[in-house]
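Undergrad: To start, I am sharing the structure in question, which I have written as structure tokens.
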Amino acid sequence: QVQLEESGGGLVQPGGSLRLSCAVSVSAFRTLGITWYRQAPGKQRELVAIITSGGSTNYPASVRGRFTMSRDNAKKTVYLQMNSLKPGDTAVYYCNLHPIPTTPWGQGTQVTVSS
């Protein structure tokens, strides 16, 4: 069973930065793509970043240029560097496998952008 553990969230002012981490306990980590998602209260879960096994990344327009996803295969961890944060980025952030998410999901990490 794959285990996903997100961390690094917190309260930050608009314009600030946070770095999220996602530890993935699976032996074949380096062969897997990983996705970051987020879910705000009352809204559907949305994709915010993808990284392939080869390190290529893709972002939706809403975060492109502000968020950067990276991976460390030795640590079986992916990161999401979030800059220029906006109140609209407030959500619980989750990671999961790409393209087919596994279950159960991790507990997520709360990001709150507020002054």
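Undergrad: Working only within the range 49-73, note down all residues that are touching a helix residue (DSSP H, G or I) at 6+ places or on another chain (Cβ under 9 Å) and either open to solvent by 40 Å² or more (accessible area, probe 1.4 Å) or not in a loop (DSSP other than H, G, I, E, B) (or both).
TA: Taking the range 49-73 and keeping what is touching a helix residue (DSSP H, G or I) at 6+ places or on another chain (Cβ under 9 Å), we get 53, 62-63, 66-67, 71, 73.
Across the range 49-73, the qualifying residues are Ser53, Ser62, Phe67, Arg71, Asn73.
Undergrad: Scan the range 74-103 for residues that are of a type outside the set (Gly, Ala, Ser), touching a residue at least 24 places away in the same chain (Cβ under 8 Å) and part of a loop (DSSP other than H, G, I, E, B) and jot them down. Even if it seems obvious, please write down each step before you answer.
TA: Narrowing the range 74-103 to residues of a type outside the set (Gly, Ala, Ser): 75-83, 85-87, 89-90, 92-103.
Still in the list and also touching a residue at least 24 places away in the same chain (Cβ under 8 Å): 75-83, 85-87, 89-90, 92-99, 101-102.
If the condition is that a residue be of a type outside the set (Gly, Ala, Ser), touching a residue at least 24 places away in the same chain (Cβ under 8 Å) and part of a loop (DSSP other than H, G, I, E, B), then Lys75, Lys76, Asn83, Leu85, Lys86, Thr90, Pro99, Pro101, Thr102 are the ones that fit.
Undergrad: Checking the conditions here, which among Ala23, Ala28 is without any contact (Cβ under 8 Å) to a residue 24 or more places away in the chain and open to solvent by 20 Å² or more (accessible area, probe 1.4 Å)?
TA: Details: Ala23 fails: without any contact (Cβ under 8 Å) to a residue 24 or more places away in the chain.
Of Ala23, Ala28, the one residue that is without any contact (Cβ under 8 Å) to a residue 24 or more places away in the chain and open to solvent by 20 Å² or more (accessible area, probe 1.4 Å) is Ala28.
Undergrad: Quick check on Arg71: is it modelled with pLDDT of 95 or more and farther than 24 Å from Ser115 by Cα? Lay out the reasoning, then the answer.
TA: Details: modelled with pLDDT of 95 or more: yes; farther than 24 Å from Ser115 by Cα: yes.
For Arg71, the condition - modelled with pLDDT of 95 or more and farther than 24 Å from Ser115 by Cα - is met.
Undergrad: Something else about it: Identify, please: which residue in the range 1-20 is of a type outside the set (A, V, I, L, M), assigned to a strand (DSSP E or B) and open to solvent by less than 30 Å² (accessible area, probe 1.4 Å) and is, among those, nearest to Tyr79 (Cα to Cα)? Break it down into steps so the answer makes sense when it comes.
TA: The first filter runs over the range 1-20 and keeps only residues of a type outside the set (A, V, I, L, M), leaving 1, 3, 5-10, 13-17, 19.
Among the residues that remain, those that are also assigned to a strand (DSSP E or B) are: 3, 5-7, 10, 19.
Checking the rest, the ones that are also open to solvent by less than 30 Å² (accessible area, probe 1.4 Å) come to 6, 10.
Numbers: Glu6: 9, Gly10: 15 Å.
Filtering the range 1-20 for residues that are of a type outside the set (A, V, I, L, M), assigned to a strand (DSSP E or B) and open to solvent by less than 30 Å² (accessible area, probe 1.4 Å), the one nearest to Tyr79 (Cα to Cα) comes out as Glu6.
The values are calculated or read from the model by the stated rules, or taken from the named source; none is laboratory data. The structure displayed is predicted, hence computed values, not measured ones. No Cβ is skipped: glycine too gets one built from the backbone with ideal geometry, and neighbour counts run over all protein chains shown. Only protein heavy atoms, including side chains, enter the accessible area calculation; ligands, DNA and RNA are left aside. Shrake-Rupley method; radii C 1.70, N 1.55, O 1.52, S 1.80 Å.
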